[in-house]
Amino acid sequence: MAEQGSAVIIGGTSGLGKQLAGVLAKRGDEVIVTGRDAARAQAAAREIGGRTRGLAVDLANPSEIAGKLADVGAVKHLVIAAIERDDNSVRKFDVARAQRLVTLKLVGYPEVVHVLASRFSPEASIVLFGGLAKERPYPGSTTVTTVNGGVNNMVKTLAVELAPVRVNAVHPG
């Protein structure tokens, strides 16, 4: 079967994103992994091997996303696994940290989809990563619990707007 695009993994330099990139690369897919730092993304791509390349994309800077993804061609799979740990309780609320996380997930995630939507292959799929704090809040999870609930609802609107593209969220934990 002819290839219909690459797998783009935003946040593919570590954790679940990197593991998924490795699986896809081993099966022969073209894989693009991103991280905030170009050198780290390129090092991860070399480590993953196969037809993998690394790009720098920082979801907390959404106005730069289009330029950073400009040379990405057809996309068969988009995985947005980029996360940042956040310990932000109401009693010790850090507005700057909260704004960064909200921007990263609730603006950065849909901006990536917006930028790549015209490049989706006919069989494209999107997976967005959230986290278990959506269902099980813990002390200090005020921002991440709220944002992950937003990711869950984002899936609903993306599925309606992008049909027949398959859109799902995974909230591991």
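In contact (Cβ under 8 Å) with a residue 24 or more places away in the chain, among the hydroxyl-bearing types (Ser, Thr, Tyr) and not in a strand (DSSP E or B) - does that describe any residue in region 115-134? Among the residues of region 115-134, not one is in contact (Cβ under 8 Å) with a residue 24 or more places away in the chain, among the hydroxyl-bearing types (Ser, Thr, Tyr) and not in a strand (DSSP E or B), which makes the answer no.
Among the residues of region 103-112, is there at least one that is of a type in the set (Lys, Arg), within 18 Å of the chain's Cα centre (by Cα), within 23 Å of residue 68 (Cα to Cα) and surrounded by fewer than 19 Cβ atoms within 10 Å (Cβ to Cβ)?
Restricting attention to region 103-112, the residues satisfying the condition of being of a type in the set (Lys, Arg) are 105.
If we keep only those that are within 18 Å of the chain's Cα centre (by Cα) too, we end up with 105.
Those left that are additionally within 23 Å of residue 68 (Cα to Cα): 105.
When the remaining residues are screened for being surrounded by fewer than 19 Cβ atoms within 10 Å (Cβ to Cβ), the result is none.
No, that holds for no residue.
No other residue among 133, 169, 74, 159 is closer than 22 Å to residue 20 by Cβ, in contact with a strand residue (DSSP E or B) (Cβ under 6 Å, 6 or more places away or on another chain), at pLDDT below 90 and not polar (S, T, N, Q) apart from 133. Do we have any residue at all in region 123-146 that's over 27 Å from residue 91 (Cα atoms) and surrounded by fewer than 17 Cβ atoms within 10 Å (Cβ to Cβ)? Yes; the residues of region 123-146 include at least one that is over 27 Å from residue 91 (Cα atoms) and surrounded by fewer than 17 Cβ atoms within 10 Å (Cβ to Cβ).
Taking the criterion of being open to solvent by 90 Å² or more (accessible area, probe 1.4 Å), part of a helix (DSSP H, G or I) and either of a type in the set (A, V, I, L, M) or touching a residue at least 12 places away in the same chain (Cβ under 8 Å) (or both), the only residue of region 147-173 that qualifies is 160.
Taken residue by residue, region 36-56 has no member that is at pLDDT 95 or above and closer than 20 Å to residue 171 by Cα.
The values are calculated or read from the model by the stated rules, or taken from the named source; none is laboratory data. Just so it is clear, the structure is predicted and the values come from calculations on it, not from any experiment. Cβ: placed from backbone, ideal geometry, glycine included. Neighbour counts: every protein chain shown. Ligands, DNA and RNA are stripped out before the accessible areas are found, and what is left, the full protein with its side chains, is counted by its heavy atoms. Shrake-Rupley method; radii C 1.70, N 1.55, O 1.52, S 1.80 Å.
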